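One structure is given below, encoded as structure tokens.
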Amino acid sequence: MNLKTTTAIALALGLLGGPALADMAAATAFLDAEIGDLSTLSRADQEAEMQWYIDAAQPFQGMEIKVVSETITTHEYESQVLAPAFEKITGIKITHDLIGEGDVVEKLQTQMQSGENIYDAYVNDSDLIGTHWRYQQVRNLTDWMANEGAEVTSPTLDLDDFIGTQFTTAPDGKLYQLPDQQFANLYWFRYDWFTDPDIMAEFKEKYGYDLGVPVNWSAYEDIAEFFTGREIDGKKVFGSMDYGKKDPSLGWRYTDAWMSMAGMGDKGEPNGLPVDEWGIRVNDKSQPVGACMARGGAANSPAAVYAVDKAIEWLNKYSPPSAMGMTFSEAGPVPAQGDIAQQMFMYTTFVASLVEPGLPVMNEDGTPKWRLAPSPHGVYWGDGMKVGYQDVGSWTLMKSTPEDRAKAAWLYAQFVTSKTVDVKKSHVGLTFIRESTIQDQSFTDRAPKLGGLVEFYRSPDRVRWSPTGTNVPDYPKLAQLWWQNIGDAMSGAKSAQDALDSLCSDMEKVMERIERAGIQGDLGPVMNEEKDAQEWLDTAGSPKPKIENEREEPKTVAYDELVASWN
């Protein structure tokens with residue numbers, strides 16, 4: 001059932017609009033119209049959970065609360081269906097704004113700097129965990145739930161059921177954010193083409209190995225070359241898809257594990273230590289000490305240059321000409337048009353838009369012509385390194401939000417992540433946060449129509465995909481440097497090396513200012529003295545010296561064998 005259908009049902013049954021009822025009749029109507037059997041709870045337990053929300057919300061009747069998130073299908077469902085239902089059930093009016101991810105970070109940064117309560121809660125990526133831990137401007141939820149927020153913390157919250165809390169927990173052991181939605185970046189490919197006997201034979205004849213899921217970048221490159229320019233099903237095919245517009249989303253394209261997939265950072269999961277996927281080195285106290293090679297960082301290292309050069313080369317040679325001018329949100333749905341053979345970097349939040357009936361990438365029986373698999377890695381990568389990125393959009397309560405407003409917002413945050421609603425919400429947005437939801441029979445039944453998404457989230461590999469870690473001391477200030485500098489390389493204004501030299505230098509200037517200001521105390525940056533970069537390159541680990549032949553022996557694996565290994 002899609003978002004339009006569920007909204008229409010809710011309108012028809014009177015769940016949207018009208019005065020708040022704040023009683024069990026509204027909850028019952030919501031459960032009948034919207035949830036039905038799509039819950040891990042029995043109907044009696046759903047009603048008990050709803051009754052708890054009704055009772056806990058009594059002190060906040062009539063309050064108007066503002067929350068914000070980025071615009072993806074999951075949050076559209078929350079804003080359009082769950083927020084009005086919550087108002088009917090609890091009497092708390094929720095305005096759930098949907099804006100761009102970059103705008104969410106900007107609003108949060110403004111609230112941090114001004115102390116003005118712009119929003120009562122944010123769905124804010126766990127990429128900011130290092131920021132929140134160091135600045136201490138958000139409520140740490142561990143202490144909040146045990147103290148001020150105890151009376152508004154649901155007894156059925158069940159934190160152990162969440163699959164992403166390890167990413168929202170800081171080195172101090174405290175939980176700073178509650179996961180609301182998660183999606184990974186995975187390799188996407190046309191399974192129907194990759195298993196076509198004639199295409200397989202032609203590939204084997206040309207390259208000498210089997211067409212399959214690429215394990216490394218050399219194989220991805222061969223596959224991109226093989227498919228680009230040929231005609232299949234009456235369409236000119238492109239061997240890769242990406243995006244390159246100078247826009248905040250271009251920064252995510254690289255910080256969201258592209259550099260670690262290339263092999264830039266150190267070994268270590270969920271993030272490389274002491275050098276992470278941003279190229280930032282920390283000391284044994286988790287304090288950032290540098291980003292450039294001269295200080296032991298890797299953001300301008302040979303592996304980083306390789307990562308950027310390959311992305312630009314493949315974008316220019318194997319992607320549609322329009323891709324260079326696209327953003328994240330514009331490029332995501334493009335493979336659904338039916339002329340893309342593979343994509344290294346598919347955010348699974350777009351799966352919902354890739355399974356709509358009638359698309360060129362869907363079969364008549366509702367199964368997809370495509371599949372998802374782990375992304376290949378670059379020549380600098382080694383066993384034990386981070387293998388991919390997982391976005392964990394998470395509820396975040398600022399200390400600058402008045403306590404009563406924070407409590408009301410916390411009730412809403414728990415409602416939209418509750419066991420009552422999570423299975424249904426996950427069917428709409430396909431952004432899993434609960435283990436119980438992933439294992440629900442309804443997803444076993446739907447799995448064949450989701451191209452490997454369910455198999456991935458049930459696999460042991462899932463935990464190896466992770467968000468940005470705690471090496472990054474100030475995500476808002478540092479993230480904006482990535483798209484601005486890498487944009488210069490994408491446009492050809494600078495070489496990759498020059499752009500990355502500027503990037504790491506700019507990151508170090510920000511970290512030096514934080515160090516001088518002392519605003520992060522003992523957790524903040526303590527910059528290393530500069531020395532000859534070769535000294536660091538000659539030391540084991542990251543930064544790594546240049547590999548003269550950056551094309552390794554290509555390797556692929558059959559998709560069906562890969563899935564079987566997960567089981």
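Bear in mind these aren't lab numbers, they're just calculated from the coordinates by the rules spelled out. Here the structure is a predicted model, which is why all the values come from computation and not from measurement. Every residue, glycine among them, receives a Cβ derived from its backbone with ideal geometry; neighbour counts consider all protein chains shown.
Along the axis of the charge dipole computed for region 184-332 (Cβ charges of +1 for Lys and Arg, -1 for Asp and Glu, origin at the Cα centre), the listed residues M200, L211, V305 are led at the positive end by V305. Taking other residues whose beta carbon is less than 13 angstrom from the beta carbon of V379, and scoring Lys, Arg as +1 and Asp, Glu as -1, yields -1. Ranking of F183, F350 by neighbouring Cβ atoms within 10 Å, starting from the fewest: F350, F183.
With the cut-off at 1.5 for a/c, could you classify region 129-234 from its C-alpha gyration tensor as rounded, prolate or oblate? It is prolate, given that a/c is not under 1.5 and a/b is the larger ratio. Look at the dipole of the chain built from charges on Cβ: of Y380, A408, A25, the Cα furthest out on the positive end belongs to A408. For the chain, averaging the sequence separation of C-alpha pairs within contact (under 8 Å, six or more residues apart) and dividing by the residue count gives a relative contact order of 24 percent. Subtracting the Cα-Cα distance of E548 and E529 from their residue separation scaled by 0.36 nm leaves 3.9 nm.
Comparing A83, V104, L128 along the charge dipole axis of region 82-146, the residue lying farthest to the positive side is A83, per the Cβ-charge model. A full extension of the chain between I232 and A150 corresponds to an added length of 23.6 nm, given 0.36 nm per residue minus the alpha carbon distance. Run through region 265-317 and list the trypsin sites (Lys or Arg not before Pro) located in a DSSP loop whose Cβ has at most 10 other Cβ atoms within 10 Å. Hits after loop and neighbour filter: K285. With both labels modelled 7 Å from their Cα along Cα-to-Cβ, the W566 to A540 distance reads 3.4 nm. For N283 and T195, what does the FRET efficiency come to when R0 = 56 Å and r is the distance between their Cβ atoms, rounded to the nearest 0.05? About 0.65, to the nearest 0.05. Residue order for T401, T142, fewest other beta carbons within 10 angstrom first, comes to T142, T401. Of the chymotrypsin sites (Phe, Trp or Tyr not before Pro) found in region 459-567, none is in coil by DSSP with at most 13 other Cβ atoms within 10 Å of its Cβ. Count Lys and Arg as plus one, Asp and Glu as minus one, and take only other residues whose Cβ is under 13 Å from that of M259; the net charge is then -1.
Count Lys and Arg as plus one, Asp and Glu as minus one, and take only other residues whose Cβ is under 13 Å from that of Q58; the net charge is then -3. Between Q497 and D160, residue separation times 0.36 nm minus the direct Cα-Cα distance comes to 116.9 nm. Beyond 32 Å in Cα-Cα separation lie the following of the pairs K494/K544; K107/K246; K419/K449; K245/K419; K477/K546: K245/K419.
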